[in-house]
Amino acid sequence: MKSKILIVDDDLNICELLRLYIEKEGFETIVANDGEQAVDMALKNHPDLILLDIMLPKLDGWQVCREIRKTMETPIIMITAKGEVFDKILGLELGADDYVTKPFDTKEVVARVKAVLRRSNDKNKKQISEVKYDKLRINLTNYELEVDGKQIDTPPKELELIYHLANNPNRVYTRDQLLDEVWGFDYYGDSRTVDVHVKRLREKLENISYEWSLKTVWGVGYKFEVK
């Protein structure tokens, strides 16, 4: 699914220029030309990022940022014609994630959009730390394994192992890769450790669903197979 960018500026030429460059990079865009319209479109369309000019009719960029931050954590990049430090600090204090100063290089704006989206996606992944499949929920934040609606007591390393595999469905891991990525580079055990943990997980997960399974890839390692 394409990320949706809300462009907010009262200068129609700037909006069109940004729209063309941003859509060329594979994003979807929507445009607002005043502050009230910006707040309304943000609440209705739930964009993935907002490019927000400060000097706007009806509501200025500061007011728009305040209104959006009351209910949404959508990343915001402020656009200002002023280069004063005060404007940049105020924008960041109100909850903006970044800023660009007019006149700007359109390629730089696109690069900042990509960087802020990437940071936002990484942050969301860390916050969620949960994967769900048919009759299976693995929550790494609370260290909970739920199978067919029931919570199953699971040692931390078993849960970390199944989360790692399920979070990367259909990817085959060697035993050494799993030791490195789940146990850590400083772990001095051998590959049989992985086998033992997989065996215990299978006892908990076998024949629960036809939509997924913990598979052995003979001569290689293991994968969480999703059909």
Need at least 1 residues that are under 24 Å from the mean Cα position of the chain (by Cα) per element, so show me which strands (runs of 3 or more DSSP E) inside the stretch 134-211 make the cut, counting only ones lying wholly within it.
136-139, 144-147
Candidates Lys126, Lys114 - the one that is modelled with pLDDT of 90 or more and open to solvent by 40 Å² or more (accessible area, probe 1.4 Å)
Lys114
Selection from the stretch 19-71 of residues that are among the polar types (S, T, N, Q) and open to solvent by 60 Å² or more (accessible area, probe 1.4 Å):
Gln37, Gln63, Thr71
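Only one of Glu16, Glu67, Glu28 is in contact (Cβ under 8 Å) with a residue 24 or more places away in the chain, within 23 Å of Glu108 (Cβ to Cβ) and of a type in the set (Asp, Glu); which? Working first, answer last.
Working: Glu16 fails: in contact (Cβ under 8 Å) with a residue 24 or more places away in the chain; Glu67 fails: within 23 Å of Glu108 (Cβ to Cβ).
Going through Glu16, Glu67, Glu28 in turn, the sole match is Glu28.
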Can you give me the number of residues within the stretch 28-67 that are within 26 Å of the chain's Cα centre (by Cα) and in a loop (DSSP other than H, G, I, E, B)?
3
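Within the stretch 208-219, restricting attention to residues that are hydrophobic (A, V, I, L, M, F, W, C) and surrounded by 12 or more Cβ atoms within 10 Å (Cβ to Cβ), which residue is farthest from Asp148 (Cα to Cα)?
If we filter the stretch 208-219 for residues that are hydrophobic (A, V, I, L, M, F, W, C), which is where we start, we get 208, 212, 214, 217-218.
Imposing the further condition that a residue be surrounded by 12 or more Cβ atoms within 10 Å (Cβ to Cβ) reduces the set to 208, 212, 214, 217.
Working: Ile208: 7, Trp212: 13, Leu214: 16, Val217: 25 Å.
It comes out as Val217.
The values are calculated or read from the model by the stated rules, or taken from the named source; none is laboratory data. Keep in mind it's a predicted model, so treat the numbers as computed, not measured. Every residue, glycine among them, receives a Cβ derived from its backbone with ideal geometry; neighbour counts consider all protein chains shown. For accessibility, only protein heavy atoms count, side chains too; no ligands or nucleic acids. Shrake-Rupley method; radii C 1.70, N 1.55, O 1.52, S 1.80 Å.
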